[in-house]
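Taking it in order: structure first as structure tokens, then the write-up.
The values are calculated or read from the model by the stated rules, or taken from the named source; none is laboratory data. Please read these numbers as outputs of a predicted model, since none were measured by experiment. Backbone-built Cβ (ideal geometry, glycine too); neighbour counts: all protein chains shown. Just so you know, the surface numbers come from the protein's heavy atoms only, side chains and all, with ligands and any DNA or RNA stripped out. Shrake-Rupley method; radii C 1.70, N 1.55, O 1.52, S 1.80 Å.
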Amino acid sequence: MTSVLVVHGPNLNFLGRREPAIYGATTLDEINQTLIAEGQRLGLAVTAVQSNHEGVLVDYIQSAWNVHQGIVINPGAYTHTSVAIRDAIAAVAIPTVEVHLSNIHQREAFRHHSYIAPVAIGQICGFGADSYRLGLLALAHYLRTHHAA
Ligand code: CA2
């Protein structure tokens, strides 16, 4: 079965507990359960991980090599700072969709630039928790049409 790794970056373990006005009321566990269910519907095995640490996120991405066929990642604040996460995605060369809860282009200028976007197949932002589901859907479609084998 096609396998997808969902990677959540720093502070996303706080979802649903703080700042609901910006990031929504849905918890990370609820998002993961939705993705697992949506994955079943799409024929994808979904595994979700979260870390607050840049190097651990790099380790998760490296460990996806030869294991998962796609990645959905919300790198959190590392989106705007991390060459290491970008290099890891480029190194494993696994189709990766970048997702964000908020519309990063509508927020502070420092959030407008993503180090990840150039190595992602696409970016979905601004739809709250639904950004993840839409990202998984886009990845499923991409894998069906580009990785038929
Ligand atoms: O909109 C997104 O998904 C972000 O990746 C979220 C990051 C932010 O730094 C990016 O610019 C955009 C921040 C995640 C913080 O998550 C929290 C969740 C609940 C309470 C407080 C923070």
Just read off the accessible area of T96 with the full protein assembly in place, 1.4 Å probe, to the nearest 10 Å². 0
Given a 1.4 angstrom probe, I'd like the percentage of the accessible area of region 2-146 that is carbon and sulfur, rounded to a whole number. 52
When the helix-only estimate is applied to the chain (DSSP H runs of n ≥ 4, each -39,500 (n - 2.57), divided by the residue count), what is the mean residue ellipticity at 222 nm, nearest 500 deg cm²/dmol? -11500 deg cm²/dmol
Pairs of alpha-carbon atoms within less than 8 angstrom and 6+ residues apart define the contacts here; what relative contact order does the chain have, in percent? 26
Expressed as a fraction of 2.2 N^0.38 Å, the rule-of-thumb size for a compact globular protein of N residues, what is the C-alpha radius of gyration of the chain? 0.96
For region 1-95, run through the trypsin sites (Lys or Arg not before Pro) and keep only the ones in DSSP coil with at most 14 other Cβ atoms within 10 Å of their Cβ. R17, R18
Quick check: Cα centre of region 1-79 to Cα centre of region 85-149, how many Å? 12
Report Rg (one decimal) and Dmax (nearest whole number) for region 66-149, counting Cα atoms only, units Å. 12.7, 42
